[in-house]
Each structure stands twice: as C-alpha cells, then as structure tokens.
Ligand SMILES: [Zn+2]
C-alpha cells in the first residue's frame, strides 16, 4: 500500500480473562479482531494492527487464567500507540472488545485528541446483549471459532441486568455476584445469531470509521 493511501489503522483492544468454563480466555480479543477486520475490508486504505491482547480485567481477579495490566498501563500503551501510529496514518480507531477497558480507552482517546491526533474508539459490544460470557459472546464465538466453544460446559450465571450489578462489580468484582464467572445465560446461543451480531458490530465500526475520516478514500487504480 502506498504511503499516501494509508488512511486509518484499526487497533483491536481485547483482554485475557475468564469467560466461564465454555469460552476461551481471549474471547474479547477475538471479537475485537473480527470486527476490525470486517470493517477494514469495507474501506480503502485501512489496515488492522495486531491486537492489544491484555486489558483491564481487575474485576475478574480470582478466576484462573485472568491476566490484567490495569487501566493505567493500558491507557499508556494506547496513548503511545496512537502517537506512533498517527505519524504514518491519518487516524487511529481503537476497536474495544472488553467493557472493563472503557475507562482506559476513553482516557487515551481524550489525551490523543488533546494532542491534536485524529483518533476515536468503537466499543464492540451489542447494545442489547448480556454482559459477560452469556448469550451474546457465546453466539459470536460459535460463529467465529466454534471449535473453541465448549457448549457442553455452558451454564447460566447471574442474570440480573449489569446496570443493577455495576456497583458491586466495580467494588468487589465478578466473583461477588457470580460464582461461575458468567453474567447472563449462554444456553441456546447459535452461530446464526452470532453472525447477525457480528454484522451489526461491523456496521457500527464502519460508521465510526467514516465519522473519523469523512472524506471518501480514493479507489485503487
Ligand atoms: Zn468478554
């Protein structure tokens, strides 16, 4: 790709954290990568960077497999990436797959905007979905990587809406509200629903990309 055509780089931001017994630790990273790739394929001059595969997952501490770098470190990584990326690219779009990363992602975007960089974030979580390792993420993974899903181990977790749980989640973590680490109910998830959810997320990501780069990219000669 010619330098002049480097318009935007998408950086998937994921996590390595427990997703119940039925989903892989890197579920959020896989979703963020798939959304970024799907969006990049629909626009010229857009590339996808390797994902930032560790995130801010302190709320999942106490479950085996979770490895978190925390909000401060994640924010610093994203700020440094943004400073570097915008030397070669017109803009950077962070594609975030994990709700616990929101504070770090927002702070990084604010900092970069304050420095005059062109950047934004797209949060790859369906508005209507359940919170964690439930129907939504399980459906997405059944579509993206069915071999990585252990449906035979899928079990319901805490099913109250996350808005009701947020206080305890933030102060005491997931374990305080859900012994199996699941927020929602993964049973009944299907790959077909996962494909529909992925298309919805990709459309949202493309809209964020277009808002970031309002002038249409020139077509390849
Ligand atoms: Zn997740």
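The values are calculated or read from the model by the stated rules, or taken from the named source; none is laboratory data. Just so we're clear, the structure is a prediction, and the values are computed from it rather than from any experiment. Neighbour counts run over all protein chains shown; Cβ positions are idealised from the backbone, glycine included.
Quick notes
- Residue 56 crowded, with 24+ Cβ neighbours inside 10 Å and in contact with a helix residue (DSSP H, G or I) (Cβ under 7 Å, 6 or more places away or on another chain): yes
- Here the condition is being at pLDDT below 95, part of a helix (DSSP H, G or I) and surrounded by 14 or more Cβ atoms within 10 Å (Cβ to Cβ); of 142, 169, 201, 197, it holds for 169 alone.
- Selected residue [at positive phi and out of contact with any strand residue (DSSP E or B) (no Cβ under 9 Å at 6 or more places or on another chain)] from 181, 116, 192: 116
- Of all residues in the range 99-111 being modelled with pLDDT of 95 or more and either surrounded by 23 or more Cβ atoms within 10 Å (Cβ to Cβ) or within 18 Å of residue 38 (Cα to Cα) (or both), the one that is farthest from the ligand (Cβ to nearest atom): 108
- Residue count, the range 12-21 (criterion: within 12 Å of the ligand (Cβ to nearest atom), within 16 Å of residue 151 (Cα to Cα) and surrounded by fewer than 23 Cβ atoms within 10 Å (Cβ to Cβ)): 0
- So residue 160, is it at pLDDT below 90 and either in a loop (DSSP other than H, G, I, E, B) or within 16 Å of the ligand (Cβ to nearest atom) (or both): yes
- Failed criterion for residue 62 (all others in (1) more than 14 Å from the ligand (Cβ to nearest atom); (2) within 21 Å of residue 167 (Cα to Cα); (3) surrounded by fewer than 20 Cβ atoms within 10 Å (Cβ to Cβ); (4) within 18 Å of the chain's Cα centre (by Cα) hold): (4)
- Flag if residue 185 is in contact (Cβ under 8 Å) with a residue 24 or more places away in the chain and either part of a loop (DSSP other than H, G, I, E, B) or farther than 18 Å from residue 28 by Cβ (or both): yes
- Here the condition is being in contact with a helix residue (DSSP H, G or I) (Cβ under 6 Å, 6 or more places away or on another chain), touching a residue at least 40 places away in the same chain (Cβ under 8 Å) and within 16 Å of the ligand (Cβ to nearest atom); of 34, 39, it holds for 34 alone.
- Those residues of the range 103-120 which are farther than 19 Å from residue 166 by Cα and in contact (Cβ under 8 Å) with a residue 40 or more places away in the chain, in sequence order: 118, 119, 120
- Among (1) at pLDDT 95 or above; (2) away from the ligand (no atom under 16 Å from the Cβ), the one test that residue 96 misses: (2)
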